[in-house]
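Accompanying notes for the structure given below.
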Amino acid sequence: MRCLRILCGIAVTIFCMLDLHHVMAEVFVSMADVETLITTEKFVLDALQTLLRQEQQKLTKALRFTNRIRIRVGDISANATDELRDSVTTFQILKQYSSDFSPFIDSVSVDTFTECKWSIERLRSSHAFPDQEDIGGNADAFARLQLAYRIHPQDIARGRIPGTRPTMPFNSREAFIIGHNQVLNKYFNSAAAWLQAALEIYHEEVEKTGDLPEILDWLQYAIYQDTGNAVRALEITRQVQKIDPTYLNLQINIDHYENVIRDLTDGELAVFRSAPNATEAFDTDSSDYVNERHAAYEALCRGEERLTPAQTRELKCYYETHGNPYLLIQPVKVEMVNKDPEIFVLHNVLFDSQAARIRDVGYEHLKRGRIMDKKEGTGVVSKVRIAKIAFLPESVDPVVAEVNRYIGHATNLDISIAENLQINNYGIGGHYSAHYDFFANVWDPSAPPKGPILNFTIWGDRIATFLAYMTNVEAGGATVFPRLNLTLFPEKGSAAFWYNKFKDGQPDPRTLHAGCPVLSGIKWVSNKWIREKGQDRQRPCGLAPDGFADIADVLDEFGDGV
């Protein structure tokens, strides 16, 4: 059994040490990749089990051969003269080393580890395996989740995430990794709480997964950077000293904290000595990563801000056909969720089979989501958008064409003047920060957009957005409009629809919207951005905005917000 445990350790070490150059993973960006990785994990398990079985067989052969030699050596030692005169024993010894030894050496010399390595490498050449960016991305994701949903790191580490089923708790190494990455990102208050959780979990573990001096050392650093509490930092550093007196920079840290403490007043010392530990000191409003501009967005993500009774009285639900014969038998179920500007939820616009087919077809085309760079006018990868996307032309699958046709009927707009259907799959803590869908310069609508926007001259700007939800989301993942105090939670098969521009063609800054971080579950959405050219019959132009008369008033009140 001890040999088997050793083999398991060696096998996993080989797997973990394989270089990471084959696939640009970005697994944290898309839960679809995580789902595939979980499936792939079975094949990795099969490869490791095959390795262990083969190595166990080699060990068994080695033990048998060793025992035969041990018995014979013991017998000869007891009565060397008589045994050596025994012709049977002599024959057995000669046979063992002339015909048995070479096959035995050949059988135990088979390089099963290399074969296992190549089996896993073959998997990695065609599947997205996580890399260091994924680990860092996960740390950022947990910071977003803590902020948006006011969750304590202790609760996440213990598998207690509000609004979701209990999850598997972290081990001390996993909690340390999150805390360490948050230190590197300068989220010191949050990092200290994660590292405190790692320390507590370490002391509870039967089989230790973390490195105690490492946990303590980064904990003292996070606490000192967060609060300046040199007294607490020195206490923790002294614990490191007891465990490992040779730990890196240990004496430098001790000398620094002792110098700081000597300059403290008695009152300051008393405050630091009575300060709460990192778990109690965690603050979801910490200046580490909170800013006022995002406050409304985060409150909406939590569902804390809603429309007033006066606003909701103006809303209504109705059936709509737009006079289209296609919709006479089954009209569109429309729910007005905001009056000015008008924002609608269209219910039951996607069948489950259509959503599933689009997800299946789109998965092979997913790539890291990009945003439009304001200066260059080109798409760039950004932490503003944590998702993978794909644009699906109708030629990809008949279901895409079928869905496009229905979008045209439901919105009463010319769907031929629209971009390809875009699908989005969000990853761990996946989100899309506040943004506009139109390309226009909100401060100067007369200015042309910067950069090569697809067919802008021919098709014009994005006049409207059709956002369909292809999955339910267990917790989080809402679409929010910070300037409208509006939250839309994902409902599978439904879609949000709104106009991005006033009837006179000016951009409507009130349509600023964002995708909240996914707390639990898998979020798939599809977008159809409909362009403005050729939509005059369906939405006639106006001489003045159909909402606020002056865009500057909105921007002065809320700021640009992007």
| note | Per the filter on segment 199-213, residues surrounded by 13 or more Cβ atoms within 10 Å (Cβ to Cβ) and either of a type in the set (Ser, Thr, Tyr) or in a helix (DSSP H, G or I) (or both) are Leu199, Glu200, Ile201, Tyr202, Thr209, Leu212, Pro213
| task | Return yes or no: is Pro452 modelled with pLDDT of 90 or more, over 21 Å from the mean Cα position of the chain (by Cα) and not hydroxyl-bearing (Ser, Thr, Tyr)? | result | no
| said: Out of Asp134, Asp82, I need the residue that is in a helix (DSSP H, G or I), surrounded by fewer than 16 Cβ atoms within 10 Å (Cβ to Cβ) and either modelled with pLDDT under 70 or in contact with an Asp or Glu (Cβ under 6 Å, 6 or more places away or on another chain) (or both). Which one? | reply: Asp82
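Please determine whether any residue of segment 424-435 is among the aliphatic types (A, V, I, L, M), at pLDDT below 95 and either in a helix (DSSP H, G or I) or in contact with a strand residue (DSSP E or B) (Cβ under 6 Å, 6 or more places away or on another chain) (or both).
Taking segment 424-435 first, the residues among the aliphatic types (A, V, I, L, M) are 428, 434.
In the following step, the residues that additionally are at pLDDT below 95 were identified as 428, 434.
Filter once more, so that each one left must be either in a helix (DSSP H, G or I) or in contact with a strand residue (DSSP E or B) (Cβ under 6 Å, 6 or more places away or on another chain) (or both): 434.
Within segment 424-435, one or more residues are among the aliphatic types (A, V, I, L, M), at pLDDT below 95 and either in a helix (DSSP H, G or I) or in contact with a strand residue (DSSP E or B) (Cβ under 6 Å, 6 or more places away or on another chain) (or both).
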| task | Mind counting the residues in segment 497-521 that are closer than 29 Å to Asp155 by Cα, of a type outside the set (Gly, Ala, Ser) and not in a strand (DSSP E or B)? | result | 2
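Can you tell me which residue is modelled with the lowest pLDDT among those in segment 520-537 that are in contact with a helix residue (DSSP H, G or I) (Cβ under 6 Å, 6 or more places away or on another chain) and crowded, with 21+ Cβ neighbours inside 10 Å? Full working, then the answer.
Just the residues of segment 520-537 that are in contact with a helix residue (DSSP H, G or I) (Cβ under 6 Å, 6 or more places away or on another chain), to begin with: 522, 524, 528, 531, 533.
Subset that is crowded, with 21+ Cβ neighbours inside 10 Å: 522, 524, 528, 531.
Numbers: Ile522: 87, Trp524: 93, Lys528: 97, Arg531: 94.
That would be Ile522.
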| Picking from Arg160, Arg173, which residue would you name as being basic (Lys, Arg) and not in a helix (DSSP H, G or I)? | Arg160
| task | Tell me the helices (runs of 4 or more DSSP H) entirely within segment 253-352 that contain at least 1 residues that are under 30 Å from Thr487 (Cβ atoms) and open to solvent by less than 90 Å² (accessible area, probe 1.4 Å). | result | 295-301, 309-312
| query | How do the pairs read when you match residues in segment 387-414 that are touching a residue at least 60 places away in the same chain (Cβ under 8 Å) with residues anywhere that are among the acidic types (Asp, Glu) and part of a helix (DSSP H, G or I), using Cβ under 7 Å and keeping only pairs 6 or more apart or on different chains? | reply | Asn404/Glu394
| Looking only at segment 317-340, which residues are of a type outside the set (A, V, I, L, M) and under 20 Å from Phe489 (Cβ atoms)? | Cys317, Lys333, Glu335, Asn338, Lys339
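Which residues, counting only those in segment 485-511, are over 28 Å from the mean Cα position of the chain (by Cα) and within 12 Å of Val337 (Cβ to Cβ)?
Of all residues in segment 485-511, those over 28 Å from the mean Cα position of the chain (by Cα) come to 498-510.
Passing the criteria: only Trp498.
The values are calculated or read from the model by the stated rules, or taken from the named source; none is laboratory data. Predicted model, so just to flag it, every value in this text is computed and none were measured. Every residue, glycine among them, receives a Cβ derived from its backbone with ideal geometry; neighbour counts consider all protein chains shown. For the accessible areas, the whole protein counts, side chains as well, though only heavy atoms, and no ligand, DNA or RNA atoms are used. Shrake-Rupley method; radii C 1.70, N 1.55, O 1.52, S 1.80 Å.
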